[in-house]
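A short worksheet on the structure shown next.
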Amino acid sequence: MPDILKGLWITVQATIYGSLVSFALGLVWALALRAPSRWVTWPVSIFVEFVRNTPLLVQLFFLFFVLPGWGLAFAPLTTGVIGLGLHYSTYTSEVYRAGIDGVPPGQWEAATALSLPRRRTWTAVILPQAFRRVVPALGNYVIAMFKDTPLLAGITVADMLFQANSISATTFDYLEPITVVGILFVVISYPTSLLLRALERRLVR
């Protein structure tokens with residue numbers, strides 16, 4: 001089914017780009033929540049909790065159907081990437097927070113003893129160690145995002161589920177297209193989860 005394979009490529013693109021957005025924004029939220037000013041932490045905290053506690057599909061509908069009324073219109077795939085990235089960034093921010101908190105206090109003390117500038121302390125000492133700790137957890141969210149991409153069909157992104165529904169509407173056969181989509185998700189998700197487990201074991205050595 002070439003149409004479903006074409007949808008698979010769009011699904012993979014949405015996952016990759018959405019993951020990159022979530023990784024970048026998640027780090028921004030994590031650092032902002034550690035800011036000394038409440039004028040920074042409160043708005044970010046409210047935003048993070050709001051996004052976490054509303055369904056992803058509602059957020060996608062808001063971006064795709066509401067924002068154009070305010071003059072902000074994007075292509076369906078772009079909207080999907082933004083929606084996935086924003087939604088999952090609120091979860092990756094917690095992963096980053098845990099990774100930063102897991103850096104031994106002695107590392108902070110050593111950076112202070114060496115009189116390293118604050119930016120240098122973060123970029124050369126803290127974040128490299130935190131990233132090493134959070135890679136497996138971030139990978140798990142990539143898999144979760146991949147499995148959430150069928151929601152993008154609701155905003156006309158031609159992903160695997162969209163293509164399967166289009167085929168079914170033409171052939172009146174829902175069993176084969178939907179089953180193929182399910183199998184493709186398993187074939188990609190399960191080996192990826194095994195690779196993440198192996199990576200986690202390697203990183204904790």
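Data overview
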quantity	calculated
Mean separation of Cα contacts under 8 Å (6+ apart) over length of the range 1-204, as relative contact order %	31
Sum of side-chain charges, Met160 neighbourhood, beta-carbon under 15 Å (Lys, Arg +1; Asp, Glu -1)	-2
Label point distance in nm, Glu109-Glu176, each placed 7 Å from Cα along Cα→Cβ	6.8
Rounded to 10°, Cα long-axis angle of helix 127-148 versus longest principal axis of the chain	20
Cβ-placed point charges (K, R +1; D, E -1), dipole of the chain about Cα centre in debye, nearest 20	1000
Of all accessible heavy-atom area on the chain, the percent that carbon and sulfur account for (1.4 Å)	68
Percent breakdown of C-alpha pair distances by 10 Å bin, ordered from the shortest bin, for the range 1-204	8, 28, 31, 20, 9, 3, 1, 0
Accessible area per residue in Å² at 1.4 Å probe, computed on the range 1-204	57
FRET E, pair Leu20, Trp42, Förster distance 22 Å, beta-carbon r, rounded to 0.05	0.20
Surrounding net charge for Ala130, when Lys and Arg each add one and Asp and Glu each subtract one, Cβ distance under 11 Å	+2
In Hz, Karplus ³J(HN,Hα) per residue of the range 168-177 (6.51, -1.76, 1.60; θ = phi - 60°; x = Gly, Pro)	5, 5, 8, 9, 6, 10, 8, 4, 5, x
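The values are calculated or read from the model by the stated rules, or taken from the named source; none is laboratory data. Owing to the predicted nature of the structure, the values given are computational and were not obtained by experimental measurement. Glycine gets a Cβ as well: all are built from the backbone with ideal geometry, and neighbour counts include every protein chain shown. Heads up: the accessible areas ignore ligands, DNA and RNA and are worked out on the full protein's heavy atoms, side chains in. Shrake-Rupley method; radii C 1.70, N 1.55, O 1.52, S 1.80 Å.
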